[in-house]
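Input: a single structure, listed below in structure tokens.
None of the figures in this text is laboratory data; all of them are computed from the coordinates on show. Because the structure is predicted, anything quoted here is derived from the model rather than measured. Because the Cβ atoms are built from the backbone with ideal geometry, glycine has one as well, and the counts that use them run over all protein chains shown.
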Amino acid sequence: MTDTEVITYIVDFLVRKQGLSLTEMSNVIAAPFWSTISRKEPAERERLSYLRNAFASLLITGPFSILLGFEGGLLALNDRLKLRSMVVGEKGDMVYIASEEAAIRVIEPNVERIWSPRGGEPVIVTLDHLHK
Amino acid sequence: MAVDYFYPEYEIVRDPNRCIACRVCERQCANKVHSYDEASGKMVCDDAKCVNCHRCVALCPTRALKIVPSGDTFKSNSNWTDNYMKEIYRQANSGGVLLSSMGNPDNFPVYWDKILINASQVTNPSIDPLREPMETRTFLGKKPTHVKRDSNGRLVPNLEPQLELALPILFGGMSYGAISYNAHECLARAAETIGTFYNTGEGGLHKDFYKYGKNTIVQVASGRFGVHKDYLNAGAAIEIKIGQGAKPGIGGHLPGLKIVGDISQTRMIPMGSDAISPAPHHDIYSIEDLHQLVYSLKEATNYEKPVIVKIAAVHNVAAIASGVARSGADIIAIDGFRGGTGAAPTRIRDNVGIPIELALAAVDQRLREEGIRGNISIICGGSIRNSADVVKAIALGADAVYIATAALLALGCHLCRSCHTGNCNWGIATQKPELVKRLNTDVGTEHLINMLTAWGHEITEMMGGMGINSIEALRGNRLMLRGIGLTDRELAILGIKHAGE
Amino acid sequence: MKRVYVQEQWCLACHLCEYACAFANSGQKDMSKALKGVKINPRIRIEERDNISFAVNCRHCEEPLCQKSCISGAISVKDGVVHIDQDKCVGCYTCVLACPYGAIMPADGGHVMQKCELCTANGGEPACVAACPNRAIVFEER
Amino acid sequence: MKYVIIGNSAGAIGCIEGIRRHDKAGHIVLISAEPYHTYSRPLISYLLLGATDEQRMKYRPDDFYQQNGVETILGVAVSKIDAAKKQLKLSDGHTVKYDKLLAATGSTPFVPPTKGLEKAANAFTFMTLDDAKALDAVLTPTSRVLVVGAGLIGLKCVEGILHKVQSVTVVDLADRVLSSILNEKGAAIMQQYLAAKGVNFIMGDCVAEFGKNTARLQNSGQKLEFDALVMAVGVRPNTQLLADAGAETDRGVLVDEHCQTSLPDVYAAGDCTQGYDMAAGEKRILALLPNAYLQGECAGANMAGAEKEFTTGLAMNSIGFWGRHIMTAGVYEGKALEETDGDNYKCLFVKDNRLVGFIIIGDVARAGIYTALIREQKPLDEVDFELIKTHPQLMAFSRRERAQMLAGAKEEEA
């Protein structure tokens, strides 16, 4: 089984079977460090501790950089150490995600916003018509 | 002394050039081996009384002493070893059950030494523990099977009470009575400083140590020594001791000479009486009864503390563990046949029970197959000798490990295996005041903290080498282990590939 | 100033501190050679009775009665450490009469006095403290 | 502030060190009749014995005065103290003004007037370095020495010279040797010991008349011949200067717990004073070096404006003869607890649940623990007296007190 398949099964278990949100799922597979958690607000601290404790064995410590498609959108996520690269660009209502900034600029030379998400910080993109 | 006299197994060699007759060995040997001969101005010794505890060797200021096997042997016989012959002489003379202490010393295979640990090379990067955070924080307890949400969709923390450890290492149960007041204080203070737990063992909790309650696991054994409501509420968790690796199937045995002063008070038993805890818990005659005891203990402590069930690693341990996982217990502790004891019949210590490595792997495997691995956490012990054993145990599926003999060694024990005499020259397994004071609690605590700190660093080094930066990713991660010199059957039970694959 | 302090509850009356002191002040490199067959004359002494024992050496008082009573000016204080200049000492024992702790005693031969000087001449770390197997004496600031 | 000190022995040195602890800058002038750098008078017998020499017997290092900023006027006596004008007249005619004055004038030998004394050849007292040097100069291996006085000074002189003369005879009116510090039993032991060393004793007698080399004894009428004579009958405190200046005196110059005399800004220390003896409970002469130093230090502190009291004056003597040591302290009152063990003798004096005095001969190890019992007026029911009687030890004190002594525990939280 490839890493991609393993991660897909993990996401499926967490989101579909356990009913976790995409953000909550990200907080499991790319759980923040305990030191980071301890600096959060009490409610957030409790939430993150709960997730990290309840689904401890689904924490992926190896480096990864994934794009996950779901009905209605896309999720991009880096491992919590951000050992893999990932860059997100925006122009108008278009969103570009790639490993390298150069790739985005080839597609869209006048990209308006471009940034590199932190490790473990999910970037969730949803199609506009769903929101109306 | 005629028929059953046999030459001492060890003898003390004194270098006459170095010995300055300072008589420190004489003052420090509780077994009265050394003495000063006024006439000749020389030190002399009676090897027959020596238990090879190395106190004299350690304290001799001119390093004039060493202890060597006496070299006296019966006619060599690989079937009738010297030991078996001597045991018969002793029993022919005493007619009694032979008692001994610590873990099984015999030459059975030690699987830890046949397992090798992985390291990343190219496929994934190893992590430098000095630069990146390495997380060994561990939570022991029941994990939720389903997520619950409140009315506005926020996660409800339906987590059963957990034990939070900074390091997946706890101090195993050693009763106050088997070991001294000072030894218990060291374990308690070290547990508090490191952020882990020590276990009271089946001797109750001395009132002075209630203040370490949040780092204490209180044990409830078949003898119910020292068990009362405040005792149950004093600890952070309650451990039901069903079995002990060194003596599966039988109760505890603390010789009467050790039941003195506040030990009898803590255990709530009369002074001087032998503390023999019965073999079974007389309220647990089948696995179903365990459920009642677990919940009565939870009821007594308002469901605020995790309940641990400690079993000895015996045949069919996976099925037993599966039963325990369904009994409502939060944690299962499995004690291998090498586990130590203050006093146990030699025969049982040396022949009953199975290696912890096999038991642990089997239990973890079975619980995963039955989908109830999340019901309980697993603590394994008996015996963990270094931090590599810890990493291997966790990779085989343990959440954490109990160490006890290793802790005693850190306190100064030299494994002379005569704890049952109550004459411990290192002030650990004794109640004699002049010996108990030999364990300075500040020093002992420091040594325990040093050991666990060192092991902690080593564990993070090994984890870093494997590219793992949090202990959860190591737990049950058999891919990180390889066997060497093991049969396919053993590899299968351990669930690991052979080195080279 | 760091001094040697006694933690009486941990003293085992093993006398190792005495032998370490005798050796440290022997000026020799090999303990066996230094002390074999010798009746040691250490500057730290054990008192023991039943299960109570402790080691006594000079307290290096801030107002040292020995220094004030010495008739030959042989005792002086340097950085808080009370020293005896055995070249000036005539062995009159007045310091023994003055010391409330009995921590001054005749050196070998009895002609001049000796006392603990915190091993300032032996590397600065008291040998007795280093030799104590149970941290019953410590060298620290209190 | 100008400090002036008369005298150059323990009292004076104590005063300098007492002043400098509180006033590093004040001007100090020290005036002494003797020309020598400060030296320890009790060491003169050790000088003769060969246990020390003139350099090593200096009470403080050569740079002591310079290090402490002390101007010294040596070999000049003070002839008059004018307390009103706060100035001194010196024998060389100079005057020295003072803001604060310490008189540490010590004592002088008391030589009882005896017929024909002026005819006696080689007659000395035994107090100063000059006395010792002069005596030493006349001694030959055939010298027969007559020592009048079997007290501490007389016998220490004997110890110093015995090995270099043919014979020594000691005459004393008292019935026993060292009568000022020993009881009968102790004196008997020591007399027997000293006699065995070759000292001839004639007790209970005194010299009626001297010839050039002869002495006729009063009671026994014996005629003794001598080649050298040492008068060591006793000493008198030098109170004249202060008495003339108006200071209140008795046998010595009376000083209070600040070591101050009755004259304003005039302090006194050492053998010339009569200060509070805590064992006796009254003011007495305590002609002892430790006492002189402590009084000097106390006076110096007060002179420098600090507040210091010296209330633990105590008779204490440590004296040895050829390796055999005696230690005595306090007063010999109350119940005497004697104990003889071979040639070791010990007598403890207990009164009103306190140790008030002791005499120890031979095994004098750790005797300072007894001295402390007297000095701190320790109630004996607070220590294990039975244990401490056997030999001085800290084991006899309570665990709390041991913690204060050995573990630096504070008074209250020990």
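Here is how the numbers come out for the structure above:
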| item | result |
| --- | --- |
| For the stretch D:387-398, Karplus couplings with θ = phi - 60° (6.51, -1.76, 1.60), whole Hz, Gly/Pro x | 6, 6, 5, 5, 7, x, 7, 7, 4, 6, 8, 6 |
| Amide H contacts of D:T72 (H built 1.01 Å from N, under 5 Å, at least 5 apart or other chain) | D:L30 |
| Two-decimal Rg/Rh across chain C, once Rg and the Kirkwood Rh are taken from alpha-carbon atoms | 0.95 |
| P(r) tail fraction, chain B - alpha-carbon pairs more than 40 Å apart, % | 25 percent |
| Calculated log₁₀ intensity ratio I(q)/I(0) where the Debye formula runs over C-alpha points of chain D, q = 0.09, 0.12 Å⁻¹ | -0.62, -1.08 |
| Tensor-based shape of the stretch D:276-335 (alpha-carbon gyration tensor, a/c under 1.5 rounded, otherwise prolate or oblate) | oblate |
| For the protein assembly as shown, share of DSSP beta bridges that run antiparallel, in % to the nearest 5 | 60 percent |
| Using alpha carbons only: equivalent-ellipsoid semi-axes of the protein assembly as shown, gyration tensor based, whole Å | 83, 39, 25 |
| Residues C:H15, B:H291, B:H228 arranged by fewest to most Cβ contacts within 10 Å | B:H228, B:H291, C:H15 |
| For the stretch D:220-327, diffusion coefficient by Stokes-Einstein and Kirkwood Rh (Cα), 37 °C, 0.692 mPa s, µm²/s | 210 µm²/s |
| Rg followed by Dmax, in Å, when the stretch D:120-275 is reduced to its Cα trace | 18.4, 55 |
| Phi to ³J(HN,Hα) by Karplus 6.51 cos²θ - 1.76 cosθ + 1.60 over the stretch D:228-239, Hz, x for Gly, Pro | 9, 10, 10, 8, 10, 6, x, 10, 10, x, 7, 9 |
| Residues of type lysines that D:K378 reaches as a straight line, Cα spacing below 17 Å, ignoring anything fewer than 8 places off in the same chain | D:K335, D:K351, D:K389 |
| Gyration tensor verdict on the stretch B:99-199 (Cα atoms; rounded if a/c is under 1.5, prolate if a/b is larger than b/c, oblate otherwise) | oblate |
| Fewest-first ranking of D:F385, D:F349, using other Cβ atoms within 10 Å as the exposure measure | D:F385, D:F349 |
| Estimated [θ] at 222 nm from DSSP helical runs (n ≥ 4, -39500 (n - 2.57)) normalised by residues in chain B, nearest 500 | -8500 deg cm²/dmol |
| Amide hydrogen neighbours beyond the local backbone of B:E11, cut-off 5 Å, H modeled | B:V68, B:S70 |
| Cα-Cα over 27 Å, subset of D:K58/D:K185; C:K88/D:K100; D:K2/D:K80 | D:K58/D:K185; C:K88/D:K100 |
| 3J(HN,Hα) from dihedral phi, the stretch D:54-70, Karplus parametrisation 6.51/-1.76/1.60, rounded to Hz, x for glycine, proline | 4, 6, 6, 8, 5, 5, 9, x, 4, 8, 4, 5, 5, 4, 9, x, 10 |
| Ranked by how many other beta carbons lie within 10 Å on average, peptides D:187-198, B:171-182 from highest | B:171-182, D:187-198 |
| Burial ordering of B:F108, B:F139, D:F126, fewest other beta-carbon atoms within 10 Å first | B:F108, B:F139, D:F126 |
| Size of electric dipole in chain A: Cβ of Lys, Arg +1 and of Asp, Glu -1, about Cα centre, debye, nearest 20 | 440 debye |
| Listed pairs B:K49/B:K211; C:K68/D:K197; B:K66/B:K432 exceeding 30 Å between Cα atoms | B:K49/B:K211; C:K68/D:K197 |
| Label-point gap, in nm, between D:T140 and A:A102 - each point 7 angstrom along Cα→Cβ | 11.7 nm |
| Set of lysines with alpha-carbon distance to B:K207 below 17 Å, sequence-local pairs under 8 removed | B:K229 |
| Helix-only [θ]222 nm of chain D, DSSP H runs n ≥ 4, -39500 (n - 2.57) each, per residue, nearest 500 | -6500 deg cm²/dmol |
| Set of aspartates and glutamates near D:K115 by C-alpha distance (under 14 Å), chain-local residues within fewer than 8 positions excluded | D:E209 |
| Antiparallel %, DSSP beta bridges [both residues in chain D], to 5 | 55 percent |
| Point-charge dipole on Cβ atoms (K/R +1, D/E -1) for the stretch D:323-406, about Cα centre, debye to 20 | 300 debye |
| Cα shape, the stretch B:288-381, gyration tensor, a/c 1.5 rule | oblate |
| Under-5 Å amide H pairs with D:V235, H placed in peptide plane, nonlocal only | D:F110 |
